[in-house]
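Some notes on the structure that comes next.
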């Protein structure tokens, strides 16, 4: 799996952790996918959450500075709508552990 897709999958997973994705959150995900340069096929994988299990394994192999950058993006994703749900918090905590941070 492409590491850019893997990172975007984790962002998408955090954004839907509370069971819904607001317009602000959808815009945030679009911006992240734009920054990562994802093509249409890769974007579909992300929006369908296709490959989520593999994504955690892929990002866990990134160098620590890149994993920390991803954590910053995940935290920004949680805060984009101005509220942190318990599900979002749990998801970020779980991914942080999977990243070894």
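What about residue 100, is it part of a loop (DSSP other than H, G, I, E, B) and exposed (fewer than 13 other Cβ atoms within 10 Å of the Cβ)? Answer is yes for this residue. Can you name the condition, by its number, that residue 18 falls short on among (1) crowded, with 17+ Cβ neighbours inside 10 Å; (2) within 14 Å of residue 98 (Cβ to Cβ)? Going through the list (1) crowded, with 17+ Cβ neighbours inside 10 Å; (2) within 14 Å of residue 98 (Cβ to Cβ), residue 18 breaks only (2).
Residue count for the stretch 3-26 satisfying the condition of being touching a residue at least 40 places away in the same chain (Cβ under 8 Å) and farther than 20 Å from residue 68 by Cβ: 6.
Name every residue in the stretch 21-34 that is over 13 Å from the mean Cα position of the chain (by Cα) and closer than 22 Å to residue 99 by Cα, in order of residue number. Matches in the stretch 21-34: none.
Scanning the stretch 60-88 for residues that are closer than 16 Å to residue 99 by Cβ and part of a loop (DSSP other than H, G, I, E, B) yields 61, 62, 63. The condition of being touching a helix residue (DSSP H, G or I) at 6+ places or on another chain (Cβ under 8 Å), surrounded by 14 or more Cβ atoms within 10 Å (Cβ to Cβ) and in a helix (DSSP H, G or I) does not hold for residue 94.
Please enumerate the residues belonging to the stretch 28-56 that are surrounded by fewer than 16 Cβ atoms within 10 Å (Cβ to Cβ), in a helix (DSSP H, G or I) and in contact (Cβ under 8 Å) with a residue 24 or more places away in the chain. 52, 54, listed by residue number. Residues that are touching a residue at least 60 places away in the same chain (Cβ under 8 Å) and closer than 15 Å to residue 6 by Cβ within the stretch 78-101 comprise just one, 95.
Residues of the stretch 57-72 that are closer than 24 Å to residue 19 by Cα and crowded, with 18+ Cβ neighbours inside 10 Å: 59, 70.
Every number here is computed from the coordinates shown, using simple stated rules; none is lab data. Being a predicted model, the structure only gives us computed values, none of them experimental. Here Cβ is always computed from backbone atoms with ideal geometry, including for glycine, and neighbour counts include all displayed protein chains.
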